[in-house]
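These notes concern the structure reproduced below.
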Amino acid sequence: MQLVLERRAERSTKIAILSPLLAIAFTLATMSLLFAILGKNPIMALYVYFIEPLTDSFTLMEIAVKATPLVMIAIGLSLCYLANVWNIGAEGQFIMGAVCGSYLAVVTNGTDAGPWVLPVMLVMGALGGALWAMIPAICKVRYGANEILTSLMLVYVADLIMDYLVRGPWRDPQGMNFPTTASFDPVATVPTLFETGRIHWGALVALIVVALATVMLGRTIKGFEIRVVGAAPRAARFAGFNSKRLVIFTFAVSGALAGLAGIIEVAGPVGVLQPGISPGYGFTAIIVAFLGRLNPVGILIAGLFLALTFIGGEGAQISMKIPLDLTKVFQGILLFYVLACDSLILYRIRLIASPKKASQGNVHGTA
Amino acid sequence: MNAVPVSNPSARAPLLQAIGITKHYGTFLANDSIDLDLFAGEIHALLGENGAGKSTLVKSMYGLIQPSAGELRWMGEKLELTGPSDARAKGIAMVFQHFSLFDNLTVAENVALGLDGVESFGAMSARLAQVSRDYGLPLDPNREVWRLSVGERQRIEIVRALMQNPKLLILDEPTAVLTPQEADQLFTVLFRLKSEGRALLYISHKLDEVKRLCDTATILRGGKKISTCDPRQETAASLARMMVGAEIGEVKATSARATTVPRLLINDLSLEPDDPHGVYLKGISVEVKGGEILGIAGVAGNGQDELFSALSGERLAPREDNVIIDGHAAGHRSVTDRRKLGAAFVPEERLGHGTAPRMKLSENALLTGHAASHMVHRGFVDKPKTLETVDRTTKTFDVRKAKRDPEAVSLSGGNLQKFIVGREILREPGVLIVSQPTWGVDAGAAAVIRQALLDLSGRGSAVLVISQDLDELAEIADRIAVMFHGHLSAPMAAADSTREKLGLLMGGASPAEALAGVAKEASHAVGA
């Protein structure tokens, strides 16, 4: 017997939906094995990771808080990936968005600036992220530099710029020398949705982004252009679409969304600019984008799911002493399985009798 | 085993016998219980339209696929092939239609990659030179493949096959890429192989070739064997009828073709290639009038692709007036702007260039229709309109498909080509530029497409057809020019352009030489 991958005539819509679920199932199985090796009860651990956070309104809201940046970034990334543009540096664009928006919060801190501060901060955040994304985009279009490398390396540059600012010029004088800015004024803070909990207006912004992306990809010529350039570059050129301009466009949009997510995060749940504002949102969003099938609604669901792993991981660390790094292991394994299962959309697995054995059998039979 | 097929009166045993070969792909029956006998010293034609099951059958014989039912016998013994190397070990070799050569490697390196033996590279090179000399297929083992013409590339494939000293050689449409003269040279080699007692299986849909070359012909249609016959006893029309299952209508021009003002002008167009193996276009000038079809003949790889991209706007010309569409200098305009001027384009590659393979037909209608067909309003796509285009194309050009709006890749070559050509023609373009309109398309679809081109020019459009198929150009073109090494010859009236003249131009002779060459051949003929 022999396993072969056989090409399907048409892509299977059924598998396209099933594939992420299959990937999750494989990931859970692998995780159980890991838990067992660590000497933890796998059932218990899975419960703490995936069920317990859903049983409490506080953790439910925390999931939404964590999902907000993930979804916004992943939507932007999905546009890039659909167009075959590999922006891996959303983490850096997130940080630069946070830095640019925070500038206004820092200079207006303690003044009687009006409610215009927050909207301007959001615009500056989006612009900051977009401009940061322009560096790899222009390098790619003008000089043919590989955007995977340039965008990824700029993450560390962005991180160090922020580090310099919060340890140097922007450090809170009353901050006991901690590397952080002063707490943002109320006019520079994203308001929460409810009296309790940290869920904030940013969650609604994320939903609006999902809706806009759905319309753009499904109904507009721009969305069509993005999909054609990614799926069949030569046909796209024949259609009259300019792939270079599209590289700039997708980088700009994804950078802006990452930057917006960054400024919303610091002006919302965090409230100050400081190192460690992101537990790797920009990277986890890559997984969200693929787990969500590069589809806006799928990304919304995938974002909530991965937010759950962050919260569950924290819970497991507290109650079962499972290392927090296991959450990252989980996310990595998940991406791995998602990409593997995706091959089933275009191919089917078939078990066939090995013809070699059969023919040998025959030779013996006739001899 | 003793039963001798009735169709073969001689008592010779077949070299390869296929008995009831059946191959399913899912529910699709690609081969339905096909019997075939191949004899040593015989050239056997396998005839059929695209999708008739020729490739599937041959793939079973070469071990690329395993048949679902039926069996092969090799010199009377049951043959089970697990892969091509198995087939080669038995003495079965195959020359594919699409070359599998690495451009940057030398001839010898390419051949070495395709051989199973353990021979040293030096010995292999020497043998390569020997075999190529013996068969009159000259090749320099140390030359890089990208420097070679298409005909020479095919020689590599043939020599590679001959170096295995095969008992059976399978050739898949070998003349599709050759000039008439090159094809003649190939036939000499094939006759020699036959006289050496090898069996040849010759896949083709060029009927005159088959009549000239082959001893036996097996005709497939829709996965079934229709008949095995002696092609020399048949007429081209009777063979075509068996292939298609119906009479193929002759295409004809619809109206008096008013040859009026030039609608497409190419002015001294010179262009550097954008990849290192491409062809320089050198001072190309030609005009196409309204109501006229201009044919551009030539062996593939002589600058036709470069010319197409310069005309479509996928590559911009150096000067604005290099390309003039309906009086508008368009050399610097984009593809979209040229479409807005009323031009339409059909590239050679159906999948990946003319269409996005994994996208639906409606999306592929939008691909070229977004520019000028009111499919987009303020950035939003009018989906019903794109579907309507699919429906209209389907109806007008008889596109057969499994559902209303399938992915492009799921259509057969002929049906997809009808869709692509139809999509452009329904826009009533003033200028249509089409490359290899019926390449790899079945006879029925080819007739529909050629008729559509004639009708379009009959309605006053200028049509430029780039094609390697001289019969096609003879059938539809008013004037024919030949491309060679990036030059375009002056067009001549189709009525004056014999195959010999065109063939010489395609091989690089100057027009004067071409004429002289033809005259010489004619005088030889008279002398003989």
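The values are calculated or read from the model by the stated rules, or taken from the named source; none is laboratory data. Just so you know, these numbers come straight off a predicted model, no measurement behind them. Because the Cβ atoms are built from the backbone with ideal geometry, glycine has one as well, and the counts that use them run over all protein chains shown.
State whether one or more residues within region B:386-398 are buried (at least 18 other Cβ atoms within 10 Å of the Cβ) and under 24 Å from B:SER334 (Cα atoms). So that I can check it myself, show each step before the final result.
Taking region B:386-398 as the starting set, the residues that turn out to be buried (at least 18 other Cβ atoms within 10 Å of the Cβ) are B:386, B:389-390, B:393-394, B:397.
Within this subset, residues satisfying the condition of being under 24 Å from B:SER334 (Cα atoms) are B:386, B:389.
Yes, there is a match, as at least one residue in region B:386-398 is buried (at least 18 other Cβ atoms within 10 Å of the Cβ) and under 24 Å from B:SER334 (Cα atoms).
In contact with a helix residue (DSSP H, G or I) (Cβ under 8 Å, 6 or more places away or on another chain) and more than 14 Å from chain B (Cβ to nearest Cβ), is that true of A:ALA45?
yes
Only one of B:LEU79, B:LEU57 is buried (at least 18 other Cβ atoms within 10 Å of the Cβ), within 14 Å of chain A (Cβ to nearest Cβ) and either in contact with a Cys (Cβ under 8 Å, 6 or more places away or on another chain) or touching a residue at least 60 places away in the same chain (Cβ under 8 Å) (or both). Can you tell me which?
Details: B:LEU57 fails: within 14 Å of chain A (Cβ to nearest Cβ).
Matching residue, one of B:LEU79, B:LEU57: B:LEU79.
Output the helices (runs of 4 or more DSSP H) that fall wholly within region B:81-151 and possess 2 or more residues being modelled with pLDDT under 90, more than 21 Å from B:GLY63 (Cβ to Cβ) and not hydrophobic (A, V, I, L, M, F, W, C), or say none. Steps first, answer last, please.
Values: elements: B:84-90, B:107-114, B:121-134.
In region B:81-151, the matching helices (runs of 4 or more DSSP H) lie at B:121-134.
Please find, within region A:45-83, the residue that is surrounded by the most Cβ atoms within 10 Å (Cβ to Cβ) out of those that are acidic (Asp, Glu) and part of a helix (DSSP H, G or I). Can you show your working first?
From region A:45-83, those acidic (Asp, Glu) are A:52, A:56, A:62; that's our starting set.
Of the ones still in play, those that are also part of a helix (DSSP H, G or I) are A:52, A:62.
Working: A:GLU52: 16, A:GLU62: 21.
This residue is A:GLU62.
Among (1) in contact (Cβ under 8 Å) with a residue 40 or more places away in the chain; (2) buried (at least 24 other Cβ atoms within 10 Å of the Cβ); (3) within 14 Å of chain B (Cβ to nearest Cβ), where does A:ALA232 come up short?
Among (1) in contact (Cβ under 8 Å) with a residue 40 or more places away in the chain; (2) buried (at least 24 other Cβ atoms within 10 Å of the Cβ); (3) within 14 Å of chain B (Cβ to nearest Cβ), A:ALA232 violates only (1).
Could you list, in sequence order, all residues of region B:355-403 that are within 8 Å of chain A (Cβ to nearest Cβ), of a type in the set (A, V, I, L, M) and either assigned to a loop (DSSP other than H, G, I, E, B) or in contact (Cβ under 8 Å) with a residue 60 or more places away in the chain (or both)?
Those that are within 8 Å of chain A (Cβ to nearest Cβ), of a type in the set (A, V, I, L, M) and either assigned to a loop (DSSP other than H, G, I, E, B) or in contact (Cβ under 8 Å) with a residue 60 or more places away in the chain (or both): B:ALA356, B:MET359, B:ALA371.
How about region B:19-47: which of its residues are among the β-branched types (Val, Ile, Thr) and assigned to a strand (DSSP E or B)?
Initially, region B:19-47 is screened for residues among the β-branched types (Val, Ile, Thr), giving B:19, B:21-22, B:27, B:34, B:43.
B:ILE19, B:ILE21, B:THR22, B:ILE34, B:ILE43, listed by residue number.
Do any residues in region B:477-506 that are of a type in the set (Gly, Ala, Ser) have Cβ atoms under 7 Å from those of residues that are in a helix (DSSP H, G or I) and surrounded by fewer than 22 Cβ atoms within 10 Å (Cβ to Cβ), where the two are at least six apart or on different chains, and which pairs are they?
B:ALA477/B:ALA494; B:SER489/B:PRO511; B:ALA490/B:PRO511; B:ALA494/B:ALA474; B:GLY503/B:PRO180; B:GLY503/B:GLN181
Which pairs turn up if I take residues in region A:69-81 that are modelled with pLDDT of 95 or more and look for partners that are of a type in the set (Phe, Trp, Tyr) and in a helix (DSSP H, G or I) with beta carbon separation below 8 Å, at least 6 apart in sequence or on another chain?
Qualifying pairs under 8 Å: A:PRO69/A:PHE94; A:PRO69/A:TYR281; A:LEU70/A:TYR281; A:ILE73/A:PHE94; A:ILE73/A:TYR281; A:CYS80/A:PHE251; A:TYR81/A:PHE290.
Return the pair list, or none, for Cβ contacts closer than 9 Å from residues in region B:82-98 that are within 14 Å of chain A (Cβ to nearest Cβ) to residues that are exposed (fewer than 15 other Cβ atoms within 10 Å of the Cβ), at least 6 apart or on different chains.
B:THR82/A:SER354; B:THR82/A:LYS356; B:SER85/B:ASP116; B:ALA89/B:ASP116
More than 14 Å from chain B (Cβ to nearest Cβ), buried (at least 20 other Cβ atoms within 10 Å of the Cβ) and under 22 Å from A:VAL288 (Cβ atoms), is that true of A:GLY223? Walk me through it before giving the result.
Details: more than 14 Å from chain B (Cβ to nearest Cβ): no; buried (at least 20 other Cβ atoms within 10 Å of the Cβ): yes; under 22 Å from A:VAL288 (Cβ atoms): yes.
Considered against the rule, which asks whether it is more than 14 Å from chain B (Cβ to nearest Cβ), buried (at least 20 other Cβ atoms within 10 Å of the Cβ) and under 22 Å from A:VAL288 (Cβ atoms), A:GLY223 comes out as no.
Looking at (1) free of Cβ contacts under 8 Å to residues at least 40 places away in the same chain; (2) closer than 30 Å to A:ALA267 by Cα, which is the only condition A:GLY39 fails?
(2)
With respect to the numbered conditions (1) touching a residue at least 24 places away in the same chain (Cβ under 8 Å); (2) crowded, with 20+ Cβ neighbours inside 10 Å; (3) within 14 Å of chain B (Cβ to nearest Cβ), which one is the sole condition not fulfilled by A:ALA213?
(3)
If a residue must be within 30 Å of B:ASN415 (Cβ to Cβ), among the small types (Gly, Ala, Ser) and within 13 Å of another protein chain (Cβ to nearest Cβ), how many such residues does region B:64-76 contain? Working first, answer last.
Residues of region B:64-76 within 30 Å of B:ASN415 (Cβ to Cβ): B:64-70.
Cutting the leftovers down to among the small types (Gly, Ala, Ser) gives us B:68-70.
The next check asks that each one be within 13 Å of another protein chain (Cβ to nearest Cβ); those that pass are B:68.
Result for region B:64-76: 1.
Restricted to region A:318-367, and to residues that are in a loop (DSSP other than H, G, I, E, B) and modelled with pLDDT of 85 or more, which residue is farthest from the other protein chains (Cβ to nearest Cβ)? Steps first, please.
So in region A:318-367, the residues in a loop (DSSP other than H, G, I, E, B) come out as A:321-324, A:353-354, A:367.
The next check asks that each one be modelled with pLDDT of 85 or more; those that pass are A:321-324.
Values: A:LYS321: 48, A:ILE322: 42, A:PRO323: 42, A:LEU324: 40 Å.
Ranking the candidates gives A:LYS321 first.
Going through B:PHE39, B:PHE121 one at a time, which residue ends up being surrounded by fewer than 22 Cβ atoms within 10 Å (Cβ to Cβ), aromatic (Phe, Trp, Tyr), in contact (Cβ under 8 Å) with a residue 12 or more places away in the chain and in contact with a Pro (Cβ under 8 Å, 6 or more places away or on another chain)? Walk me through how you get there before you give the answer.
Numbers: B:PHE121 fails: in contact with a Pro (Cβ under 8 Å, 6 or more places away or on another chain).
Of B:PHE39, B:PHE121, the one residue that is surrounded by fewer than 22 Cβ atoms within 10 Å (Cβ to Cβ), aromatic (Phe, Trp, Tyr), in contact (Cβ under 8 Å) with a residue 12 or more places away in the chain and in contact with a Pro (Cβ under 8 Å, 6 or more places away or on another chain) is B:PHE39.
Yes/no per residue for (1) assigned to a helix (DSSP H, G or I); (2) touching a strand residue (DSSP E or B) at 6+ places or on another chain (Cβ under 9 Å):
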residue: A:VAL210; (1), (2): yes, no
residue: A:ALA213; (1), (2): yes, no
residue: A:VAL229; (1), (2): yes, no
residue: A:LYS244; (1), (2): yes, no
residue: A:GLY268; (1), (2): yes, yes
residue: A:VAL272; (1), (2): no, no
residue: A:ALA285; (1), (2): yes, no
residue: A:PHE290; (1), (2): yes, no
residue: A:ILE299; (1), (2): yes, no
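Taking A:VAL338, is it among the hydrophobic types (A, V, I, L, M, F, W, C) and not assigned by TED's automatic domain parsing to the domain that holds A:ARG227? Give the derivation first.
Working: among the hydrophobic types (A, V, I, L, M, F, W, C): yes; not assigned by TED's automatic domain parsing to the domain that holds A:ARG227: yes.
Judged against the criteria, A:VAL338 is a match.
Restricting to region B:399-414, count the residues that are among the charged types (D, E, K, R) and buried (at least 16 other Cβ atoms within 10 Å of the Cβ). First the steps, then the outcome.
Residues of region B:399-414 that are among the charged types (D, E, K, R), as a first pass: B:400-401, B:403-405, B:407.
Add one more test, that the residue is buried (at least 16 other Cβ atoms within 10 Å of the Cβ), and what stays is B:401, B:405, B:407.
Of the residues in region B:399-414, 3 are among the charged types (D, E, K, R) and buried (at least 16 other Cβ atoms within 10 Å of the Cβ).
Being touching a residue at least 60 places away in the same chain (Cβ under 8 Å) and part of a helix (DSSP H, G or I) is the requirement here; does A:LEU34 meet it? Lay out the reasoning, then the answer.
Numbers: touching a residue at least 60 places away in the same chain (Cβ under 8 Å): yes; part of a helix (DSSP H, G or I): yes.
Yes; evaluated as a whole, the condition is true for this residue.
Kindly check whether there is at least one residue in region B:314-327 that is within 12 Å of another protein chain (Cβ to nearest Cβ) and either under 25 Å from the mean Cα position of the chain (by Cα) or in contact (Cβ under 8 Å) with a residue 60 or more places away in the chain (or both).
For region B:314-327, residues within 12 Å of another protein chain (Cβ to nearest Cβ) and either under 25 Å from the mean Cα position of the chain (by Cα) or in contact (Cβ under 8 Å) with a residue 60 or more places away in the chain (or both): present.
Looking at region B:346-354, is at least one residue in contact with a strand residue (DSSP E or B) (Cβ under 6 Å, 6 or more places away or on another chain) and more than 7 Å from chain A (Cβ to nearest Cβ)? Talk me through it step by step, then tell me what you get.
Here is the first cut: in region B:346-354, the residues in contact with a strand residue (DSSP E or B) (Cβ under 6 Å, 6 or more places away or on another chain) are B:346-348.
Those still in the list that are more than 7 Å from chain A (Cβ to nearest Cβ) too: B:346, B:348.
Yes, region B:346-354 has at least one match.
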